[in-house]
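The values are calculated or read from the model by the stated rules, or taken from the named source; none is laboratory data. Since the structure is predicted, the reported quantities are computational estimates derived from the model, not experimental observations. Cβ atoms come from the backbone with ideal geometry, glycine included; neighbour counts cover every protein chain shown. The protein model used for the area step is the full one, side chains on, heavy atoms only, and it has no ligands, DNA or RNA in it. Shrake-Rupley method; radii C 1.70, N 1.55, O 1.52, S 1.80 Å.
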Amino acid sequence: MNISSADTVGVSLSRLELFGWRGAVEPGIGRVVSAHGDYYHLVCNEAEGEILARKKKSVFARMKTAAPDDMRPVERGERPLSPVTGDFVRFRFNERGDSLITEVLPRFSAFERKDPAARRPAQTLAVNFDALFVMMSLNEDFSPPRIARYLELAQDMGEAEAVVVLTKADLAGPGAAEMAELEEVVSGRARVLRISALTGEGMDALAGYVRPRRTVALVGSSGVGKSTLLNTLAGEEVAATQEIQEWSGRGRHTTTSRELFRIPSGALVLDTPGIREIGRIGEEDAFLAKGESTHRWRVKDG
Ligand SMILES: Nc1nc2c(ncn2[C@@H]2O[C@H](COP(=O)(O)OP(=O)(O)O)[C@@H](O)[C@H]2O)c(=O)[nH]1
Ligand SMILES: [Mg+2]
C-alpha cells in the first residue's frame, strides 16, 4: 500500500484529521489510540507522536450513592461518557506532563454489548468506526448464531456499516448446510466477505472499507485472525498475533487491549481483544464466545 494516496495529495491535513477527525479543527481535541488503566494515549495537533493524558477527576468522578454500584440501574447518559480507545476528546494540553481529558465528544458510532439482565451499563467495545468487521473463522470457530448476535448488537450502532468477514478461507471450511444457515441469519443485513490473510484471497474486497482517514473496527472471538488482518493490511507486524493451541483449536489471548493504528495506506484500524478478555467471564460472555441456538440474552439471576 502507498502512503501518498490521492486523498492526501495537494491537501495539507492536520494530524487530527489524518486520524479520522472530520469536524472543525480546533486546539485541544485529540483521539484516544490506547487506554491503560487511568492513562490514555492521544494523538492531536499539539504534539508529534502520542501524548499521555488522564481524565479530569472532577468531571468523570462516579456519583456516590448508598447502594452498591452494581445494584443501581444505570441510565445511559446519567454520567459523562468515560473515554475509550477510538474516542475523540477535549483535553487541556500540558507540555511538561500529563494532559487532562475534560470531555468525550459525541460518538458517531458505537458497538456496545448491552445486557438488560444484569443491571450494569453497556460495555462499549468500539467507537467512532466507519465499518465494523464482524470476524469469524471458517474452521472450528464457525457459528452462525454468534454472527446473529453480533449483528443484533450492531443494529443501533450509528453511522457505520457492519460487514461479516469470514477468515481463514484457506482452511477446509464448514459444509453447505452451515453456510446456508449463516446466509439465513445474516439475511441481507450485512455483506459477507471471505478472506485469507495467508493466501491473500478476498483481500481486494476490503479496499472499499480500508480507506484513508476511515476507521475500521475489528471484532470477533479471540483467534479468528483480527491482528493478522491488521498486520496484513499494514504490510508489517504492528500487532502481536498468536499460535492456535493445537489441543483446543482455540487461540490464546494475545491482544489484551484495544488499540487504534494508522496504517501506511492512511486508514485507521481498531484492533480489539476477543469479547471474553474485555468482559467479565460469565454466562453472557460465553454466549458471545461460543454461540448458542437462541439469540436472546440469558437471564442470569432469574
Ligand atoms: N490458516 C490461516 N490462519 C490464519 C489466518 N489468519 C490468521 N491465522 C492464524 O490464526 C491465529 C490467530 O490469529 P490472530 O490474528 O492472533 O487472532 P486474533 O486473536 O483475532 O487477533 C494465528 O496463528 C494466525 O496465524 C488465515 O487467513 N489462514
Ligand atoms: Mg489479536
Cut-off 12 Å, label point 7 angstrom out along Cα-to-Cβ of Arg92: give me the residues of segment 13-55 whose amide nitrogen falls inside. 54-55
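Go through segment 175-220 and name the trypsin sites (Lys or Arg not before Pro) that are in a DSSP coil and have 10 or fewer other Cβ atoms within 10 Å of their Cβ.
Here no trypsin sites (Lys or Arg not before Pro) fit, given the DSSP loop and packing criteria.
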When the Karplus curve 6.51 cos²θ - 1.76 cosθ + 1.60 is applied with θ = phi - 60°, which whole-Hz ³J(HN,Hα) does each residue of segment 187-192 get, with x for Gly and Pro? 5, x, 6, 8, 6, 10
What residues have an amide H closer than 5 Å to that of Glu103, excluding those fewer than 5 places away on the same chain, when H is modeled at 1.01 Å from N in the peptide plane? Arg90
Between Glu178 and Tyr39, 0.36 nm times their residue separation minus their Cα-Cα distance comes to what? 45.7 nm
Label-to-label distance, nm, for residues given as Ala61 and Asp156 (7 Å Cα→Cβ offset): 3.2
Accessible area of segment 172-213 divided out per residue, in Å², using a probe of 1.4 angstrom: 60
